[in-house]
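Each remark here refers to the structure printed beneath this line.
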Amino acid sequence: MTMNRLLIVLTLLMWPLFGHATAEPGYTVVSRLGEIEIRQYEPYAVAEVLIDAPADEAGNAGFRVLAAYIFGKNKGERKLEMTAPVTQTPEPVKLEMTAPVTQTAAAGGFRVQFVLPKGVSAGSAPQPIDTRVQLRDVPATKVAVIRYTGFWSDANYNEHLSELESALTAAGLKASGPPVYSRYDPPWTLWFMRRNEIWLPLDPV
């Protein structure tokens, strides 16, 4: 059995646990703007990989790399519990400063993350064998969140991102970073039962 086939089999075995009673980072809902939640997340750690591909390809490619890591492709062959969500955020291109500023940088790919189990830090997590996988501690974070169901389509994502941004503007709030696309369910979950979220980071004050 090839590695890709093995990963698919392992993913199929693990995914049922992923969407049902799966651990996720601890947070407190500090306020609401209608259906939108303002959440304060506790610190947590992630395993992440930068994928230079379009959005619809980056998620699947990143998932395969990170799944291999948590299923034991690490120093010590330690297996980690699956957590939720799997997040994806655009990575901007870093350009040298020039004058005048007349162009907009295109996206430099997408950063796909698995949240590591509670109590695991970047320092205590098993070290990846795949050098593309990076471990990072995420500090306490305040985010505005819109939750929705439906297909993992650009149209569905853009519609809800626009709704989230409009609600923040109306409330006098401003995002402090790029949107984070968070998926909580396996791909075969019926579209109307899926939990999808978009997070926009806010200033901590």
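Here is how the numbers come out for the structure above:
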quantity	calculated
Residue selected from segment 47-59 under the condition touching a helix residue (DSSP H, G or I) at 6+ places or on another chain (Cβ under 9 Å) and at pLDDT 85 or above, by the criterion farthest from S121 (Cα to Cα)	A53
Every residue from segment 153-191 that is in contact with a strand residue (DSSP E or B) (Cβ under 7 Å, 6 or more places away or on another chain) and of a type in the set (F, W, Y)	Y157, Y181
Filtered residue count, segment 66-77, keeping only those that are surrounded by 21 or more Cβ atoms within 10 Å (Cβ to Cβ) and within 14 Å of the chain's Cα centre (by Cα)	1
Within segment 63-73, tally of residues that are among the charged types (D, E, K, R) and assigned to a loop (DSSP other than H, G, I, E, B)	1
Cβ-Cβ under 8 Å pairs, at least 6 apart or on other chains, segment 74-85 side acidic (D, E) and assigned to a loop (DSSP other than H, G, I, E, B), far side surrounded by fewer than 14 Cβ atoms within 10 Å (Cβ to Cβ) and at pLDDT 90 or above	none
Filtered residue count, segment 37-58, keeping only those that are free of Cβ contacts under 8 Å to residues at least 40 places away in the same chain and of a type in the set (V, I, T)	0
Considering residues of segment 106-150 that are of a type in the set (G, A, S), in a loop (DSSP other than H, G, I, E, B) and over 21 Å from E42 (Cβ atoms) only, the residue modelled with the highest pLDDT	G150
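The values are calculated or read from the model by the stated rules, or taken from the named source; none is laboratory data. All of these numbers come straight from a predicted model, not from anything done at the bench. Heads up, the Cβs are rebuilt from the backbone with ideal geometry, glycines too, and the neighbour counts pull from every protein chain shown.
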